[in-house]
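Right, one structure below, let's go through it.
The values are calculated or read from the model by the stated rules, or taken from the named source; none is laboratory data. The structure presented is a predicted model; accordingly, all values stated were derived computationally and were not measured. Don't worry about glycine lacking a Cβ; one is built from the backbone with ideal geometry, like all the others, and counts go over all protein chains shown. The protein model used for the area step is the full one, side chains on, heavy atoms only, and it has no ligands, DNA or RNA in it. Shrake-Rupley method; radii C 1.70, N 1.55, O 1.52, S 1.80 Å.
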Amino acid sequence: MTEHVLDRPVWHSLNGPLAALARRHGSALGFDPAVSPFAGTEGDGNAAWADLLRLVGPGASGVLAGSPLPVPEGLHVPFQVTGYQMVAESWDPRADPDVLELGPDDAVEMLALADRTRPGPFQLRTPEVGRYVGIRIDGKLVAMAGERMHPPGFTEISAVCTDPDFRGQGLAQRAMGAIGAGIVARGETPILHVAGTNEGAVRLYQRMGFVVRRDIEFVAFVAPAA
């Protein structure tokens, strides 16, 4: 059976639309760690793991997303989390004139918001991966959403977060709608990934039109020191 591009979202992103951001070793591809810790492989097995560990380098770490490879015995795994991959094939998101485009001048504020809210891995250069939008109140960035993985035909909505002092106002949902509208306008399908324990977020995304496509594993690993 032919594998779907969403089954290995990192590898298909970096082997396709995000190739300019990719590092490669053999069958393994990964982002520059200053952009994102995510990496992936074209296949499974010991050879794939060997390529992946050489890619990140001795003592360095990475994160797999997809169907996890069986972890080699003795490899340090700081965390392994099961989540859901959700797809919105019938979502009709609307642009919001009060949602602002974010750019390089906003990077420090974006990182600070991500540090306060922990939406997932986020570094100063993460916004290089795609478009980001946000909402400001009294000049302060209080909510944002952006694009991350980009398997051909799909774009992931990521870094969805709201400052704790401004939650309950639907701000993150508005930011998601603005990002989603841009994805749909390009003729692509929005996707997202959410931790299985975040039941409230899963229900919200389902109300917005996302459906669970499959379980997905996030596996952090540390390559052995030289």
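Residues checked against (1) in contact with a helix residue (DSSP H, G or I) (Cβ under 9 Å, 6 or more places away or on another chain); (2) among the aromatic types (Phe, Trp, Tyr); (3) open to solvent by 20 Å² or more (accessible area, probe 1.4 Å):
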site: HIS12; (1), (2), (3): yes, no, yes
site: ALA28; (1), (2), (3): yes, no, no
site: ASP44; (1), (2), (3): no, no, yes
site: GLY66; (1), (2), (3): yes, no, no
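Report, by residue number, each residue of the stretch 120-145 that is part of a loop (DSSP other than H, G, I, E, B) and touching a His at 6+ places or on another chain (Cβ under 9 Å).
GLY120, GLY130
Can you pull out every residue in the stretch 96-109 that is surrounded by 14 or more Cβ atoms within 10 Å (Cβ to Cβ) and among the aliphatic types (A, V, I, L, M)?
Selection gives VAL99, LEU100, LEU102, ALA107.
Checking the condition crowded, with 19+ Cβ neighbours inside 10 Å and either out of contact with any strand residue (DSSP E or B) (no Cβ under 9 Å at 6 or more places or on another chain) or not in a helix (DSSP H, G or I) (or both), which residue from SER90, SER36 passes?
Unique residue meeting the criteria: SER36.
Please go through the stretch 110-132 and give me each residue that is open to solvent by 60 Å² or more (accessible area, probe 1.4 Å) and closer than 25 Å to ASN198 by Cα, ordered by number.
The answer is ASP115, ARG116, ARG118, ARG131.
Please go through the stretch 17-26 and give me each residue that is assigned to a loop (DSSP other than H, G, I, E, B) and open to solvent by 30 Å² or more (accessible area, probe 1.4 Å), ordered by number.
PRO17, GLY26
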